[in-house]
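What follows is a single structure, written as structure tokens, with notes after it.
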Amino acid sequence: MTNEQFPDNFLWGAATSAFQVEGGNQEDGKGLSVADIRSYPKRHQQLDTTVSVDHYHHWREDVQLMKELGLKSYRFSINWSRIFPNGDEVEPNQAGLRFYHHLIDELVAANIEPMVTMTHFDQPYGLVKKYGGWVDRRSIADFVKYAKWLLKEFSPQVRYWLTINEQAVMVLATDMLGIDDHLDEHTRYQMAYQANYHMWLAQAEVYKLCHDEYPNCMIGPAVSYITTLPASRKSYDMLAAKELEDFYSFAQMDVAIHGVIPKYFENELANLNIEISTQPGDEQVLQEGRANYLGVNWYCTTIVEARRDADPNGFIFRRINRVIDPDLLYTEWGWNFDPVGLRYGLRQLNDRYPNIPIAITECGWSEREELIEGKVHDPQRISYLHDHIHQMWLAIQDGVNVFSFNPWSFIDLLSNGDGMEKRYGLVFVDRTNFDEKNQKRYKKDSFYYYQKVLQTNSLQPN
Ligand code: BGP
């Protein structure tokens with residue numbers, strides 16, 4: 001037995017996102033989102049968002065499973081186009097609101113604290129058709145209107161809010177913003193970084209609104225934090241790792257926490273010959289609207305070396321090579337198992353933003369899995385959970401203010417990149433990419449492991 005006890009009110013959770021679990025993608029007035037449209041061309045190779053794992057019809061049973069697991073919190077997202085089907089309506093879709101009221105009521109009745117993401121890759125496609133989505137400044141007002149409704153409807157029960165999930169991921173995979181893949185790279189990045197700027201302004205407005213009107217709520221971004229390590233102790237490799245980490249992860253956090261766009265970020269945009277169109281007063285908006293906690297999606301470390309032959313004024317992604325560490329285990333999809341990286345990363349966050357409250361909003365291990373006689377044995381996921389919870393515990397002893405841990409994912413769901421082949425869940429869903437089967441839920445071995453951690457509020461041997 002270990003004695004790694006967690007603070008009394010520690011929020012043990014688990015995470016999902018709407019387009020990846022819900023299905024019902026055109027039910028009860030829901031409009032299509034960028035995530036839906038983006039899933040359709042891949043239909044021949046993996047399932048799309050039409051059914052996903054059908055949480056839209058299984059939500060009651062799913063909450064029962066959360067209760068049995070002993071969750072203290074549940075991180076999920078609201079599907080923006082269920083609430084505003086085209087994005088530009090004045091009044092929200094009542095059926096959409098009703099679905100989330102039912103879900104949240106059920107969670108609260110089960111003593112599970114909802115932690116809600118306002119948008120997880122799913123801007124209404126109507127806004128893309130109308131004016132290009134986030135690329136256009138009008139998107140700020142449409143997001144703020146949506147966020148206002150969410151806060152008004154749900155804030156009495158929802159205290160923890162996350163604005164936008166993994167903005168940096170969408171900006172690099174430009175089709176996630178609805179930007180046409182056929183455009184040349186420079187045009188796509190020009191549009192994507194303009195969209196990035198609008199997302200910063202939109203979030204700042206929502207942070208301010210939330211602090212002014214709902215002072216009991218906590219609100220922040222959900223940032224993809226790729227702790228980036230140098231392949232060697234040579235200064236150029238260390239600088240390359242730092243520059244990538246700053247540009248990709250810390251820029252997002254610096255803007256949310258400090259309310260200022262960092263110079264290193266502007267320099268990278270200059271390397272790309274990108275010019276951002278701004279308006280007077282924007283700086284003040286960023287300054288006045290700041291997050292009061294950080295949602296951090298953490299999976300693994302990235303190891304890089306400097307490309308010393310590269311143009312020093314080229315874009316950061318052209319100045320580095322990713323390196324594989326032969327001593328680390330990797331998933332089939334190339335994500336490493338490096339738990340000490342989590343502690344190191346958390347320490348870096350605390351150095352940069354002293355005592356900022358941190359929720360680990362995603363953290364998980366993917367595998368291909370099958371049901372064998374009603375069971376799924378997933379020892380690697382158990383050891384991933386064990387080792388990461390251990391490192392998180394050490395980070396808390398180091399003085400890092402982590403208050404919540406949400407493994408990705410509560411249940412098997414549609415992987416953003418790889419359909420149903422790549423599973424992360426504590427709960428197995430009996431379906432494959434092309435065979436919906438009965439979608440029956442089965443508890444994996446990792447479910448029982450995590451349940452013990454939650455029951456004892458302490459690390460358990462694996
Ligand atoms: C994060 C996303 C999640 C989830 C996860 C795993 O980037 O916030 O939505 O998909 O990564 O990624 P994938 O599904 O591609 O394995």
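No lab work stands behind these numbers, since they all come straight from the coordinates. Please read these numbers as outputs of a predicted model, since none were measured by experiment. Cβ placement follows ideal geometry from the backbone for every residue including glycine, while neighbour counts extend to all protein chains displayed.
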Any idea how far the Cα center of segment 431-447 sits from the one of segment 1-64, in Å? 13 Å
Given a Förster radius of 41 Å and the C-beta distance between Thr50 and Lys234 as r, what FRET efficiency does 1/(1 + (r/R0)^6) yield to the nearest 0.05? 0.25
Packing-based ranking, highest mean first, of 259-267, 359-367, 119-127 given that Cβ atoms within 10 Å are counted: 119-127, 359-367, 259-267
Sparsely packed trypsin sites (Lys or Arg not before Pro) within segment 347-451, loop by DSSP, other Cβ within 10 Å at most 16: Arg368, Lys437, Lys440
Rg [Å, one decimal], Dmax [Å, integer] - the chain, C-alpha atoms: 21.0, 64
What are the residues whose amide H is under 5 Å from the amide H of Ile320, where those residues sit 5 or more places off or on another chain and H is modelled from the backbone? Arg307
Got a sec to turn the phi values of segment 292-301 into Karplus ³J(HN,Hα) couplings, 6.51 cos²θ - 1.76 cosθ + 1.60 with θ = phi - 60°, whole Hz, x for Gly and Pro? 10, 7, 10, x, 10, 8, 10, 10, 6, 9
Per-residue ³J(HN,Hα) for segment 328-342, Karplus 6.51 cos²θ - 1.76 cosθ + 1.60, θ = phi - 60°, Hz, x for Gly and Pro: 9, 7, 10, 6, 4, 9, x, 9, 7, 10, 9, x, 4, x, 5
How much length, in nm to one decimal, is gained on full extension between Gln348 and Glu68, taken as 0.36 nm per residue of separation minus their Cα-Cα distance? 97.3 nm
Efficiency by 1/(1 + (r/R0)^6): what FRET value for Gln380 and Glu185, r their Cβ-Cβ distance, R0 = 30 Å, to the nearest 0.05? 0.20
Thr301's amide H: which non-local residues (gap 5+, or another chain) put their own amide H closer than 5 Å, with H modeled 1.01 Å from N in plane and none for Pro or chain starts? Asn336, Asp338
From the gyration tensor of the Cα coordinates in segment 61-167, what semi-axes in whole Å does the equivalent ellipsoid have, largest first, with each one equal to sqrt(5λ)? 27, 13, 12
Write down the radius of gyration of segment 270-375 and its Dmax, each obtained from C-alpha positions, in Å. 19.6, 64
Rounded to whole angstroms and listed largest first, the alpha-carbon spread of segment 41-123 along its three principal axes comes to 38, 38, 19
Could you pull out every residue, at least 5 positions away or on a different chain, whose amide H is within less than 5 Å of the one on Glu362? Hs are placed 1.01 Å off N in the peptide plane, and Pro or chain starts have none. Val296, Asn297, Trp298, Asn406
Under a plain spin-label model, where a point goes 7 Å from the Cα along Cα-to-Cβ, how far apart in nm are Lys129 and Trp333? 3.0 nm
Just for the chain, what percent of DSSP beta bridges are antiparallel, to the closest 5? 25 percent
For the chain, what is the calculated [θ] at 222 nm in deg cm²/dmol (nearest 500), taking -39500 (n - 2.57) for each run of four or more DSSP H residues and dividing by its residue count? -12000 deg cm²/dmol
Would you mind working out the magnitude of the charge dipole of segment 292-433 relative to its Cα centre, with +1 at each Lys and Arg C-beta and -1 at each Asp and Glu C-beta, to the nearest 20 Debye? 500 debye
